[in-house]
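To start, the structure itself, in structure tokens.
The values are calculated or read from the model by the stated rules, or taken from the named source; none is laboratory data. Values in this document were obtained by computation on a predicted structure and should not be read as measured data. So basically every Cβ, Gly included, is an ideal-geometry build from the backbone, and we count neighbours across all protein chains shown. Just the protein is used for accessible areas: all its heavy atoms, side chains included, with ligands, DNA and RNA removed. Shrake-Rupley method; radii C 1.70, N 1.55, O 1.52, S 1.80 Å.
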Amino acid sequence: MFNDTFISESLATALQQRRQKLAQLIDFPVILWAGGNVSRNFPANTFPFRASSHFLYFAGLPIENAAILLSNGKLELFADNPTPSNALWHGEMPSREDIAQQIGAEANFPLAELPSRALNAATIAVQDPLTYAQQCQILNRSISLKDQNIDLALAKAIISLRILHDAEAIAQLQTAANVTVNAHRAGMAATLTAKTEAEIRAVMEGAIAAENMTCAYQSIVTIQGEVLHNGQYHHPLKPGDLLLADVGAETALGWAADVTRTWPVSGKFSSTQRDIYDLVLAAHDACIAKIKPGVEYQDLHLLAATTIAEGLSHLGILRGNAEELVAADAHALFFPHGVGHLLGLDVHDLEDLGDLAGYAEGRTRSDRFGLNYLRLNRPLAAGMLVTIEPGFYQVPAILSDRERRLKYQNLVNWDRLAQFSDVRGIRIEDDVLVTATGSEVLTAQLPTQAEDIEKSVKI
Ligand code: GLY
Ligand code: MN
């Protein structure tokens, strides 16, 4: 089956430029597979198809079961034409020839021709197991990023391109950001009359679906903000609760947004909620203010950690000076994740390659409690899109852990902390493009100030 999304002239030009740039970086052929449909329980009932992001980056369209061969900047498409049965169940689809023309392929062949053209080609492993098995079979070898092989060289070349977004990508990312901003506004405006998390999720995802887009990841819409990737929506909303919504749209061509806001169900933060909200916002704003080419992303993470530690010390929750608290990882009791990640065709962009994109050459993850979940540790450069998403959480698994309580017994005022029991989890997340001179927040139209958030709920 083929996709009937239209490729604009400017996208066709951008795709060609991406392929030419790749050809300047490597001197071996490349085959990229789109991947296929994954079935749920019986073959005809499939999960929505999502093409491999590497395929999308160079081919532009999500073409199920297709592969492209890239060689010296030239593109060849391998796919089977739609069958009469495809037309019966899914409607008329463009032919392989039509698709090849749209994506700028110089030649096109049935899939059966691929094995004879696959000699010495590099690839990137796709996620769906059936296509992955085909990749290994057609290339007649395993796919690995561990050895200094052509797959690793290809991955590094693709990272160097995908990590710096071109104008066509930025336009798509801005579209995803705009729709996401509207989804969050709709979620806030629906809260006073909604009874459950599920209702708010429906409103937010509805705003995305109404633009014919999908969600870039499983939405988090929860009064249990301390569960970092909460996937449940059944809780009733009660005055006094904070609602944390981490919801992002994905355009039809696959580009993502990733935004979090936290708002009071009643439309008014309590004084304790407001204290913590303002300090998370201070960390968020401090990081964004520092973003420009050359800045180390890890330093932004440490800035967020220091800002949060300082705020918690002022509130009497932590004891001591911010730098010393961060050196002891005390901030991570309440801010246990990294301050953000790369964003692009995937919400955690390029993480199918492990830390190869997120960590600069020669760097590896720290085993420190306060740094271990940092997904990005490289200097920023113009064209990168990153999230900035500091948070504060009271995670029982962390705060009730005997060893941790013992280790941090003198640094935490547990009695004071108990006064903040109505703050389970707060996160504020925006999508920030690094520009030549500083940054541009693609999601800036969504308020962050506490009063503006309250107004948006009470609208
Ligand atoms: N939006 C979920 C995450 O960044 O992990
Ligand atoms: Mn995120």
Residues located in the stretch 132-146, provided they are in contact (Cβ under 8 Å) with a residue 24 or more places away in the chain and over 16 Å from L69 (Cβ atoms): L145
Segments classed as strands (runs of 3 or more DSSP E), wholly inside the stretch 27-128, with at least 1 members that are under 24 Å from L161 (Cβ atoms) and touching a residue at least 12 places away in the same chain (Cβ under 8 Å): 30-33, 67-71, 74-78, 107-109
Unmet requirement for T387, which otherwise passes all of (1) in a loop (DSSP other than H, G, I, E, B); (2) at negative phi; (3) within 16 Å of ligand 2 (Cβ to nearest atom); (4) of a type outside the set (F, W, Y): (1)
Qualifying residues in the stretch 399-411 (those that are touching a residue at least 60 places away in the same chain (Cβ under 8 Å) and more than 22 Å from L303 (Cβ to Cβ)) - the one nearest to the chain's Cα centre (by Cα): L399
Flag for D367 being out of contact with any Gly (no Cβ under 9 Å at 6 or more places or on another chain), within 16 Å of ligand 1 (Cβ to nearest atom) and part of a loop (DSSP other than H, G, I, E, B): no
Pairs with Cβ under 7 Å, 6+ apart, first in the stretch 373-395 and more than 21 Å from L442 (Cα to Cα) and among the acidic types (D, E), second away from ligand 1 (no atom under 11 Å from the Cβ) and modelled with pLDDT under 95: none
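Results for (1) open to solvent by 10 Å² or more (accessible area, probe 1.4 Å); (2) within 12 Å of ligand 1 (Cβ to nearest atom); (3) touching a strand residue (DSSP E or B) at 6+ places or on another chain (Cβ under 9 Å), shown as yes or no for each residue.
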site	(1), (2), (3)
S219	no, yes, yes
I223	yes, no, yes
G240	yes, no, yes
L244	no, yes, yes
G254	no, no, no
V259	no, yes, yes
W263	no, no, yes
S266	yes, no, no
D275	yes, no, no
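A quick yes/no check of all residues on (1) more than 20 Å from V395 (Cβ to Cβ); (2) open to solvent by less than 10 Å² (accessible area, probe 1.4 Å); (3) not in a loop (DSSP other than H, G, I, E, B):
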| site | (1), (2), (3) |
| --- | --- |
| V280 | no, yes, yes |
| C287 | yes, yes, yes |
| L300 | yes, yes, yes |
| D352 | yes, no, yes |
